[in-house]
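Notes follow the structure.
The values are calculated or read from the model by the stated rules, or taken from the named source; none is laboratory data. Quick caveat, the model's predicted, so the values are computed rather than measured. Cβ atoms come from the backbone with ideal geometry, glycine included; neighbour counts cover every protein chain shown.
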Amino acid sequence: MKAFEGSVAAASDFLSGLSGERAEAAFRLMLADRELMAPPREWLIRGWMFNHWYHHRGQLSVYLRLLDVPVPVIYGASADENPFAG
C-alpha cells in the first residue's frame, strides 16, 4: 500500500503541475536512436495510462464475480451493492 500511495501521490503531483502547453507537447517513445511514436502527452496519459487502469479494474470485477465476491461500485451501481443505501 505504501508503494501504491506513493505512486498515486506522484501521479497527482505530475498531473496538477501539467500545463496545457506541456500536455499538448509530443512524448517521444524511442528505441535506441529510432523514434517509435510521438503522440501528444495528453493522448498518452488518457489513451494508455487511464484506459489501461480502467481495463484492469474491469478484470478485477470479473475475477470477483467468478469468486462469488460482491462487486463494489466501480462505474456506478453494481448488482451487488446499492450506493444509495445507508
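Among the residues of segment 27-48, those identified as in contact (Cβ under 8 Å) with a residue 12 or more places away in the chain and assigned to a helix (DSSP H, G or I) are Arg41, Glu42, Leu44, Ile45. Taken over segment 3-60, the residue count meeting the criterion of being surrounded by fewer than 10 Cβ atoms within 10 Å (Cβ to Cβ), over 18 Å from the mean Cα position of the chain (by Cα) and among the charged types (D, E, K, R) is 3.
Cβ-Cβ distances below 7 Å connect no pair with a first residue in segment 49-70 that is of a type in the set (Gly, Ala, Ser) and in a helix (DSSP H, G or I), a second residue that is surrounded by 12 or more Cβ atoms within 10 Å (Cβ to Cβ) and at pLDDT 90 or above, and a separation of six or more residues or different chains.
Among the residues of segment 3-41, the ones that are among the acidic types (Asp, Glu) and within 28 Å of Val73 (Cβ to Cβ) come to 2 in all. Picking from residues in segment 61-74 that are out of contact with any helix residue (DSSP H, G or I) (no Cβ under 9 Å at 6 or more places or on another chain) and surrounded by 10 or more Cβ atoms within 10 Å (Cβ to Cβ), the one that is farthest from Phe84 (Cα to Cα) is Tyr63. Checked against (1) more than 23 Å from Ser7 (Cβ to Cβ); (2) aromatic (Phe, Trp, Tyr); (3) at pLDDT 90 or above, Phe84 passes all but condition (3).
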